[in-house]
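Here the structure comes first, spelled out in structure tokens, and everything after it is commentary.
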Amino acid sequence: MERRLVAALDLVDEGKALDLAREIQDEVFAYKVNWPLVLHSSPDIIRKLSNIGNVICDFKVADIPNTDRLITERVRELGAYAIITHTITGTDSLEAVKRAAGSMKVIAVISMSHPGGSEFINPVGKRLLELALEKDVYGIVVPGNDPVTIARLRKESGNLKLFAPGIGAQGGDPSGAISAGADYLIVGRSIYESPDPVSTVKGINKAIRSAVGSQ
């Protein structure tokens, strides 16, 4: 069965991140890295992790087109599988990311799972989804702790892949998110804070398989 779990390596120690990546590499679809790990090590952590598996750079690119281009080009050069970008900065910025990405996947943020997401970004989510569809990105980020929203976006998002964070520590349930229509689950703290990450990952994958099998 297709792997659907993305492990968020929200760590600041390069050695620990690499050790964890190797430990769970047979169980995950990709690793998600964010600025803290890169800033505490170096951009080359992207290349090192890419030698182990797919890397999604969760940089939430959100600047003018030229800056977005420079960031995206460098991520692509380092071997990343995908980059996550905001859409709220507008059409020209998203177009710059798409052009610079080449064959690298672009995943767009149209909503966020933390409480503050309801203040600004989530209320304009419909227009952001329209923009993501217009520019033919690969996928979108959806709130994994909100099955109702996932189900709605599944109906509205065509063939876009749905990546759902907010699983575990933020209250999202793996089976519920998959059943609602998420394609991939992004899980961080539940994995890297676990005393037995492999068993934890296998447990999440079991829940995913059960949900997929019941669809």
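Only the coordinates and a few stated rules stand behind these numbers; no lab work does. Here the structure is a predicted model, which means the values were calculated and not measured. Please note: Cβ atoms are built from the backbone with ideal geometry, for glycine as well, and neighbour counts cover all protein chains shown.
With an 8 Å Cα cut-off and a minimum separation of 6 or more residues, compute the relative contact order for the range 87-153 in percent. Don't skip to the end; give the middle numbers.
Details: 70 pairs, mean separation 24.6, N = 67.
This gives 37 percent for the range 87-153.
Which FRET efficiency, nearest 0.05, do Arg189 and Asp63 yield, Cβ-Cβ r, R0 25 Å?
Details: r = 28 Å, r/R0 = 1.12.
Rounded to the nearest 0.05, the efficiency is 0.35.
Mind checking which aspartates and glutamates have their Cα closer than 16 Å to the Cα of Lys32? Skip sequence neighbours fewer than 8 apart in that chain.
The reachable aspartates and glutamates, counting only those whose Cα sits under 16 Å from Lys32, are Asp10, Asp13, Glu14, Asp19, Glu23, Asp44, Asp58, Asp183, Glu193.
Over the chain, what relative contact order in percent results from Cα pairs under 8 Å that are six or more residues apart?
Numbers: 422 pairs, mean separation 38.3, N = 215.
For the chain, the relative contact order is 18 percent.
Rounded to two decimals, what is the ratio between the C-alpha radius of gyration of the range 65-145 and 2.2 N^0.38 Å? List each step's numbers first, then the result.
Details: Rg = 12.5 Å, N = 81, 2.2 N^0.38 = 11.7 Å.
The range 65-145 yields a ratio of 1.07.
Could you give the distance between the Cα centres of the range 47-102 and the range 118-171, to the whole Å?
So the separation of the two Cα centres works out to 18 Å.
Taking the chain as a Gaussian network, where each spring joins two C-alpha atoms under 10 Å apart, which residue of Asn145, Asn51, Asn34 fluctuates the most?
Asn51
Using θ = phi - 60° and the Karplus form 6.51 cos²θ - 1.76 cosθ + 1.60, what ³J(HN,Hα) does each residue of the range 45-55 get, whole Hz, x for Gly and Pro?
4, 5, 5, 4, 5, 5, 6, 9, x, 5, 10
Quick query: amide H of Lys161 versus all other amide H atoms, modeled in the peptide plane; which residues come in under 5 Å with a sequence gap of 5 or more or a different chain?
Placed amide hydrogens put Gly139, Ile140 under 5 Å from Lys161.
From Cα coordinates alone, what are the radius of gyration and Dmax values for the chain in angstrom?
16.2, 46
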